[in-house]
Every structure is written in C-alpha cells, then in structure tokens.
Amino acid sequence: MTDDSSKNTSAGQAMWGGRFSAKPADLMQAINVSIGFDRRLASQDLAGSKAHAAMLAAVGAISSEDEAQIQHGLSTIEAEMAAGTFPFRDEYEDIHMNVEARLAELIGEPSGRLHTARSRNDQVALDFRLWVREACDRTELQLKALQRALIAKAEAHADTLMPGFTHLQPAQPVTFGHHLMAYVEMFGRDAARFADARTRMNESPLGAAALAGSPFPIDRHQTAAALGFDRPTANSLDSVASRDFALEALAAASIAATHLSRLAEEIVLWMTPQFGFIKLSDAFTTGSSIMPQKKNPDAAELARAKVGRVLAGFTSLTVVMKGLPLTYSKDMQEDKVPTFEAFDSLELALLAMAGMVADLEPNREKMAAAAGSGYSTATDLADWLVRELGLPFRQAHHLTGAAVKRAEQLGVDLPELSLVELKALDPRITDGVYSVLTPAASAASRQSYGGTAPDQVRNQIARWKEILS
Ligand code: ARG
C-alpha cells in the first residue's frame, strides 16, 4: 500500500487512481461508499480470494511463495474479522478494497498479485451469489423447521374439530390438524422453490473478470469446484451483468412470506375472544400500556407485516435491474441492501412463526362448538339424500336448503331438527340421517385422498415425516 499523503488523492484511489490527480468530492464518496452494508459479504469475499489465489498459483500465474503469503494474510484477516478487530474503512469504499488494502498492510508487495485475472465485477458477482446461496440454504432449513412444528401440532390435533371456512363463513367441519397440514404443503413448496433456485444459481462467475474474460490461463473449473459450484458460468458478460439469481430467491421469499402472512392472520383471528380458538402463552404475546386486560398477538402481527419488506426487496431489485444495459453498472451495487433486508425479515418471521406454532394451544370445546354452527353439515344432509334416497344432487341441495330455512325459523341447528320436521320435507327420510349431521361424523366421512377425515390427515402426517426425515 503506497502512502497517499504525498499525492493529492484519497486512500481508496490508491486501488484505481493512477490516472487521477484530485480527490473525489465528499459527496462522490458519500454516494459511492458501500462498506457500511457490503461488509456482510466479508466471509464470501475471503473464500473467493482464497480460491482465486490457489488457482492462480496452480496455473503458474503467481508464484507459490506469493500464494502462501496471500493465503496467510487472508487467514489473518479472517481472524481479525472473527475477533472484531478488522478495520472497516469508508475510504476504501467497499469490502473488496477494504480486504485488499488490509492485505497490503499485512503482507506488502505480493498482495498486489491477488487481483490478477480478476475484477471487482466478477468478484462482487461471486460474493453476492455465495451470500444468496447461503440465504437460500438457511431459509430452506427454517421452512423445514416450521413444517416440523406444524406437523407436531397437527399430529396432536388430527381429530380436533374446527369449522372449515370459505368466504370466512362456516362451510364444512374440518380438523385442526388438517388445517395446519395445509400450511405444511405450502411451506413445502416454498422450500422446494429455494432448492430449485439454488440449483440454477449454482454456477461460478469468477474468472469473467471485468466483462470479457481473461488473457491469463485461468482455470475457472477449479475455482468453481473449490467454492462448491456445479460449474463456471458460460458467458462472461452474463456473469457480471446478471442478478436474476437474487431476483429468483427474492421471488421465492415473497411467496413464502405471503404464506407466512396468511398463517399469521389466522393466528390473530383465532386469538380474538370472538373466535377464541387458540391461546398463545405470555412468551408470544404482549400487554397494553393502558388496557390491563389485553394480551396482544404482536409476534403474529409482525410476521404478517414482514411480507412488506420482503416484497419490497423483490420490487426494489427488479426496478434496479430493469433496463440496465449490459454489462456491469454501478446501479447494481444497490442489489444488496434490499436482498439483505428481505432475507433478514423473512428469516426472523419464520423463526418466530415456528415458535408460535409450537406455543399455541387450541380450545377444543370452543372449536368443536363452532364446527357445528352455521349449518355446517348441510352438505352432509344433501349427500345423505343422494345416497339413501337416490335423489339427484341438485334436488337434494334444494331440499336441504329448505331444511336449513326451517331450522333457522325454529332457531335450532340442523341436528336438532325433529324427524317430524324432516319428514315434512320428504317422508322417506329416516332417523338414520342423524348419524351424518354431527361435525365429527361429517369430518370422519371425508375419506377421499387428501380429505379431512382424521385417518387421511394421519396418512399425510406420516408422509411428511418421511419426507422430512
Ligand atoms: N461495490 C461494488 C458493487 O457492489 C463492487 C463492484 C465495483 N465495480 C466497479 N466496476 N466499480 O457493485
């Protein structure tokens, strides 16, 4: 590292300022500097540099002595970062130049050979890709942890009745286990989307250099393998210009956050005294500073809201990338903050949701009572008329509608209608009909594959346990 004080240039310009004779304006520096956020790429940057240095030595582009010094210096930097003593400095603009400047302080001249056959353009494309790949892996694990929490709760409540809703109106009785398993399906697809995105992004851009490739005899397959990639990217321009790997991960994150927000909303609803379906312990609720009786589901509300930040990340990066000419433009430095923020939000919401799911306790009596309200077994009556009396479904539907109307007039639920009342609608109706009018019988009868019958729910629980084992 040369001492800049003799020249009228800044410390950061030592990296690229050969043709410059004046310092950048303070505002230039202010808008340009990214170390405040891209320091999160430190471990990826060091891994990339180590792989690059090893490859340069292997192909004879640098000496093995220089390589040894570079590796030693990078390890020292790694230790400084772990110890929190690494000097992150604004004047070196970004993580790449901060590492290189520190390396120069530590090992002197050989540090200058590390950037052979490399540009910050492929370097940042690599670092960011490594970061997003790790984020996908973490998120996939967190989704699976949430699925496990849901499955455990579903198993305990495979036959706990609750109303199934359409239009948020009571529709047909289902079990709480079945309802929770619906989210296991959604989060399973979310996890698969991250795994799928990971497969597509798992190509190394390192060696694309500035944009056109390198005249040095570099081995891109070696660095790709060292960094856990399946292969190097096949077009140097695409390598430094593309961020669709991050967009795809953010799209998957947005969909997962949407699912999370639906579950969060249901927890909020179920927690209200009006529903009274579940209780959350003090661990996942907060009180009010003015209303002593309150117990608020803040964690669920925040999990419901986080989709805003996640989708903002997707929107933000889409707008940054839209219309950018090939290849790299500094606009792309704006890829990181939205991505970091989106994943931070999603990961926290996933962890909190897994905690809430494990914590929540349903009120079986209240749920069962609600499951039978709102004439929720009317479809079962119509199905019985079809099965036992051979009526066409449309006619059975009409007749059942009349039964509901009569029950409403009398202020009773369907199972409480007397046989006399039912026979007035069709004299062939027998008291055998009552066996299908309870919510438990209704749920148990739905034995079709994927249906809400507790046996079917247990089959799906077993299938998922197998998948996740
Ligand atoms: N800090 C930059 C970024 O995040 C690194 C790449 C800079 N490349 C360049 N040609 N200025 O994108």
(Q) Among the residues of the stretch 343-356, are any surrounded by fewer than 19 Cβ atoms within 10 Å (Cβ to Cβ), within 13 Å of the chain's Cα centre (by Cα), without any contact (Cβ under 8 Å) to a residue 60 or more places away in the chain and within 16 Å of the ligand (Cβ to nearest atom)? (A) no
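Take the residues in the stretch 326-340 that are near the ligand (Cβ under 9 Å from one of its atoms) and over 17 Å from the mean Cα position of the chain (by Cα); name whichever of them is nearest to residue 254 (Cα to Cα).
In this case the residue turns out to be 335.
Out of the residues in the stretch 452-469 meeting the condition of being in a helix (DSSP H, G or I) and among the β-branched types (Val, Ile, Thr), tell me which one is nearest to the chain's Cα centre (by Cα). Working first, answer last.
Initially, the stretch 452-469 is screened for residues in a helix (DSSP H, G or I), giving 454-468.
Subset that is among the β-branched types (Val, Ile, Thr): 457, 461, 467.
On the way: 457: 26, 461: 22, 467: 19 Å.
Here the residue is 467.
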Q. Mind checking which pairs have a first residue in the stretch 62-88 that is farther than 12 Å from residue 113 by Cα and a second that is among the hydroxyl-bearing types (Ser, Thr, Tyr), Cβ under 7 Å, 6 or more apart or different chains?
A. 73/111; 74/49
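Mind counting the residues in the stretch 97-111 that are at negative phi and more than 35 Å from the chain's Cα centre (by Cα)?
In the first step, residues of the stretch 97-111 are kept if they are at negative phi; the result is 97-107, 109-111.
Those still in the list that are more than 35 Å from the chain's Cα centre (by Cα) too: 101-107, 109-111.
Residues meeting the conditions: 10.
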Q: Could you tell me which numbered condition residue 306 fails, if it satisfies all but one of (1) basic (Lys, Arg); (2) exposed (fewer than 12 other Cβ atoms within 10 Å of the Cβ); (3) in contact (Cβ under 8 Å) with a residue 12 or more places away in the chain?
A: (2)
Q: Count, please, the residues in the stretch 331-342 that happen to be without any contact (Cβ under 8 Å) to a residue 24 or more places away in the chain and over 27 Å from residue 258 (Cβ atoms).
A: 1
**Q.** Selected residue (criterion: farthest from residue 161 (Cα to Cα)) from residues of the stretch 370-388 that are buried (at least 20 other Cβ atoms within 10 Å of the Cβ) and touching a Pro at 6+ places or on another chain (Cβ under 6 Å)
**A.** 376
Q.
Show the residue pairs meeting these rules: Cβ distance below 8 Å; 6+ apart or different chains; first residue within the stretch 153-176 and in contact (Cβ under 8 Å) with a residue 40 or more places away in the chain; second residue of a type in the set (Ser, Thr, Tyr) and assigned to a strand (DSSP E or B).
A. 157/175; 158/175; 159/175; 160/175; 161/175; 162/175
Q. If only one of 400, 379 is farther than 20 Å from residue 265 by Cβ, more than 16 Å from the ligand (Cβ to nearest atom) and touching a strand residue (DSSP E or B) at 6+ places or on another chain (Cβ under 8 Å), which one is it?
A. 379
Q. Inside the stretch 197-219, can you point out the residues that are in contact (Cβ under 8 Å) with a residue 40 or more places away in the chain and in a helix (DSSP H, G or I)?
A. 197, 198, 200, 201
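Can you say whether residue 428 is out of contact with any Phe, Trp or Tyr (no Cβ under 9 Å at 6 or more places or on another chain), basic (Lys, Arg) and buried (at least 18 other Cβ atoms within 10 Å of the Cβ), as far as the supplied structure shows?
Working: out of contact with any Phe, Trp or Tyr (no Cβ under 9 Å at 6 or more places or on another chain): yes; basic (Lys, Arg): yes; buried (at least 18 other Cβ atoms within 10 Å of the Cβ): no.
No, not satisfied.
Kindly indicate whether any position in the stretch 118-127 is among the hydrophobic types (A, V, I, L, M, F, W, C) and over 20 Å from residue 12 (Cα atoms). Even if it seems obvious, please write down each step before you answer.
Residues of the stretch 118-127 among the hydrophobic types (A, V, I, L, M, F, W, C): 124-126.
Next cut, over 20 Å from residue 12 (Cα atoms) only: 125-126.
Yes, some residue in the stretch 118-127 is among the hydrophobic types (A, V, I, L, M, F, W, C) and over 20 Å from residue 12 (Cα atoms).
Of the residues 182, 234, only one is part of a helix (DSSP H, G or I) and either more than 16 Å from the ligand (Cβ to nearest atom) or among the aliphatic types (A, V, I, L, M) (or both); which? So that I can check it myself, show each step before the final result.
Values: 234 fails: part of a helix (DSSP H, G or I).
The match here is 182.
Listed here are the residues, each with its yes/no results for (1) away from the ligand (no atom under 16 Å from the Cβ); (2) under 13 Å from the mean Cα position of the chain (by Cα); (3) crowded, with 23+ Cβ neighbours inside 10 Å.
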{"position": "123", "(1), (2), (3)": "no, no, yes"}
{"position": "126", "(1), (2), (3)": "no, no, yes"}
{"position": "130", "(1), (2), (3)": "no, no, no"}
{"position": "133", "(1), (2), (3)": "yes, yes, no"}
{"position": "137", "(1), (2), (3)": "yes, yes, no"}
{"position": "140", "(1), (2), (3)": "yes, yes, no"}
{"position": "145", "(1), (2), (3)": "yes, yes, no"}
{"position": "152", "(1), (2), (3)": "yes, no, no"}
{"position": "155", "(1), (2), (3)": "yes, no, no"}
Q: Of the conditions (1) touching a residue at least 24 places away in the same chain (Cβ under 8 Å); (2) out of contact with any strand residue (DSSP E or B) (no Cβ under 9 Å at 6 or more places or on another chain), residue 412 clears all except one; give me its number.
A: (1)
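How many residues are closer than 30 Å to residue 438 by Cβ and among the charged types (D, E, K, R) if we restrict to the stretch 319-367? Walk me through how you get there before you give the answer.
Going residue by residue through the stretch 319-367, those that are closer than 30 Å to residue 438 by Cβ are 357, 360-367.
Subset that is among the charged types (D, E, K, R): 361, 364-366.
Residues in the stretch 319-367 being closer than 30 Å to residue 438 by Cβ and among the charged types (D, E, K, R): 4 in total.
Just so you know, all these numbers are worked out from the coordinates, no wet-lab data involved. Since the structure is predicted, the reported quantities are computational estimates derived from the model, not experimental observations. Using ideal geometry, Cβ is built from the backbone for each residue, glycine included, and neighbour counts are taken over all protein chains shown.
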